[in-house]
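K.L.:
Here you go, one structure.
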Amino acid sequence: EQIVEDLKTAVNYLTESPQKRPLHRASKEAAQLLLSRVYLYMQDWHNAALTAEELLKEDTRLYHMSARDSARIFLSEDNTEVLFSQGSMNFYNGMTGNRGDFAVSDSLVQLYDQENDYRRYFFGKNQSTSANSLQWKYDTIAVPHVSDIYTLRIAEGYLNLAEAYAMEDNFQGANQYLRLLRESRIRNYVHTTYTGEKLVEEIRLERRRELCFEGHRWFDLRRTTRPEVIKNYMDADWNSLTVTIRQDDPKYIIPYPKEAIQNNPELNN
């Protein structure tokens, strides 16, 4: 309740004192997008849709990708759909696919139409390991203008609105915003009209494609299916280890820190 109240207050203040779409300063549109995300996570579909609708009345600009994006950074200060960004860059030297570094999963890369989806350019292939690397989504310099930690952009508004509509059985509206997003990413896209659970599945798959490595995936898993996740990795001594999070595992919920509980005994109930 406090988060929602703070964001609604922020929207009001930033309406009274508007910012001229600065990349690194808060704006009304950025606050609206974050508020729609909070409502979505709360499964308050009605307010998630209303808030996303208000945002998209103000700003509907999507960056339309094309073949020229095969060798250029996607999330940069030149991308017109970025509303706000703050913080540093984590992935610029860690998602290389080199031994000892992280790699992009095959399951993610295979979700993209390899012939027509321009977002496939986000990924490359490490020549020495044949693992997938993160290539063109973010700038690879240490001090970029757009962060991979905290970025808000218009495309999420389309996805928030599509999912909220779908969960309220507004299938026409949900298909409309899913189609608009895909048309901006996929060459010669021809839309299939979906309904029911299939529509929700398609929207959530599109979230995975569109918002990968922007801090959404863990929260989307937590708020939806909480599936079993099995990950293999190498420890510091090059031992192969496996970590499993079971379906609906308690590890999906991060507990309050022990110090917070001790320092707030009145909240223990």
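The values are calculated or read from the model by the stated rules, or taken from the named source; none is laboratory data. Because the structure is a prediction, the values reported are computed rather than measured. Positions of Cβ are backbone-derived with ideal geometry, glycine not excepted, and every protein chain shown enters the neighbour counts. Remember, those area values only see protein heavy atoms, side chains included, never the ligands or the DNA or RNA. Shrake-Rupley method; radii C 1.70, N 1.55, O 1.52, S 1.80 Å.
K.L.:
For the stretch 20-104, give the percent of accessible area contributed by carbon and sulfur heavy atoms, probe 1.4 Å, rounded to a whole number.
P.N.:
48 percent
K.L.:
For mean projected area of the Cα convex hull in nm², the listed values are (i) 18.9; (ii) 17.2; (iii) 23.5; which was obtained by calculation from the structure presented?
P.N.:
Step by step, mean projected area of the Cα convex hull in nm² for this structure corresponds to label (ii).
K.L.:
At q = 0.09 Å⁻¹, what log₁₀ I(q)/I(0) does the stretch 141-269 have when each alpha carbon counts as one equal point scatterer in the Debye sum?
P.N.:
For the stretch 141-269, the Cα-only Debye profile gives -0.43.
K.L.:
Right, something else. Once the convex hull of the C-alpha atoms of the stretch 1-45 is built, how many Å³ does it hold per residue, rounded to a whole number?
P.N.:
68 Å³
K.L.:
Report, in order of residue number, the helices in the chain meeting two criteria: a C-alpha extent of 15 Å or more along the helix axis, and a mean Kyte-Doolittle hydropathy of at least 0.0; treat each whole DSSP H run as one helix.
P.N.:
For the chain, where a helix must reach 15 Å along its axis and average at least 0.0, the hits are 28-41, 154-167.
K.L.:
Give the aspartates and glutamates whose C-alpha is closer than 18 Å to that of Lys20, dropping any in the same chain fewer than 8 places away, or say none.
P.N.:
The qualifying aspartates and glutamates are Glu29, Glu54, Glu58, Asp59, Glu77, Asp78, Glu81.
K.L.:
How much accessible area per residue does the chain have, in Å², with a 1.4 Å probe?
P.N.:
Here the residues of the chain average 57 Å² of exposed surface.
K.L.:
Rounded, prolate or oblate for the stretch 182-227? Axes are the square roots of the Cα gyration tensor eigenvalues, ordered a ≥ b ≥ c, and the cut-off for rounded is a/c under 1.5.
P.N.:
Taking the square roots of the gyration eigenvalues as a ≥ b ≥ c, the stretch 182-227 is oblate.
K.L.:
Rank Ile261, Thr193, Ser107 by how far each Cα sits towards the positive end of the charge dipole of the chain (+1 on Lys, Arg Cβ; -1 on Asp, Glu Cβ) and give me just the farthest.
P.N.:
Going by the charge dipole, the pick is Ser107.
K.L.:
Using only helices, what value at 222 nm comes out for the chain when you add -39,500 (n - 2.57) per DSSP H run of length 4 or more and divide by the total residues, to the nearest 500 deg cm²/dmol?
P.N.:
Estimated from H runs of four or more residues: -11500 deg cm²/dmol.
K.L.:
Highest mean first, how do 204-211, 186-193 rank when packing is the count of other Cβ atoms within 10 Å averaged over residues?
P.N.:
204-211, 186-193
K.L.:
Kirkwood Rh and Cα-based Rg: tell me the resulting Rg over Rh for the stretch 14-77, rounded to two decimals.
P.N.:
1.07
K.L.:
Highest first, please rank the peptides 58-65, 156-163 by the mean number of other Cβ atoms sitting within 10 Å of their residues.
P.N.:
156-163, 58-65
K.L.:
Using the per-residue mean of other Cβ atoms lying within 10 Å as a proxy for protection, in what order, highest first, do the peptides 27-34, 251-258, 82-89, 220-227 fall?
P.N.:
Output ranking for 27-34, 251-258, 82-89, 220-227: 27-34, 82-89, 220-227, 251-258.
K.L.:
Karplus couplings for the stretch 251-256 from phi (6.51 cos²θ - 1.76 cosθ + 1.60, θ = phi - 60°), rounded to Hz, Gly and Pro as x?
P.N.:
Ordered by residue, 3J(HN,Hα) equals 5, 5, 10, 7, x, 4 Hz.
K.L.:
Right, something else. Count the net charge of all other residues whose Cβ sits under 12 Å from the Cβ of Thr129, scoring Lys and Arg as +1 and Asp and Glu as -1.
P.N.:
+1
K.L.:
Measure off, as a whole percent, the carbon and sulfur share of the 1.4 Å-probe accessible area of the stretch 176-241, all protein chains present.
P.N.:
50 percent
K.L.:
What would the Debye formula give as log10 I(q)/I(0) at q = 0.11, 0.12 Å⁻¹ for the alpha-carbon point model of the stretch 42-109, no solvent?
P.N.:
Values returned for q = 0.11, 0.12 Å⁻¹ are -0.51, -0.59.
K.L.:
Which links in Lys198/Lys231; Lys8/Lys251; Lys28/Lys251; Lys8/Lys137; Lys125/Lys198; Lys125/Lys231 stretch past 29 Å when you go from one Cα to the other?
P.N.:
Among Lys198/Lys231; Lys8/Lys251; Lys28/Lys251; Lys8/Lys137; Lys125/Lys198; Lys125/Lys231, the Cα-Cα distance tops 29 Å for Lys8/Lys251; Lys28/Lys251; Lys8/Lys137; Lys125/Lys198.
K.L.:
On each of the three principal axes of the Cα atoms of the stretch 100-153, give max minus min coordinate, whole Å, ordered largest first.
P.N.:
Projected onto its principal axes, the Cα set of the stretch 100-153 covers 30, 28, 15 Å.
K.L.:
Another question, then. Just going by the charge dipole of the chain, with Lys and Arg at +1 and Asp and Glu at -1 on Cβ, which of His64, Met167, Leu83 is farthest out on the positive end?
P.N.:
Positive-end residue among those listed: His64.
K.L.:
For the stretch 43-167, what are the per-bin percents of Cα-Cα distances with bins 5 Å wide, up to the bin holding the maximum?
P.N.:
2, 10, 16, 18, 19, 16, 11, 5, 2, 1
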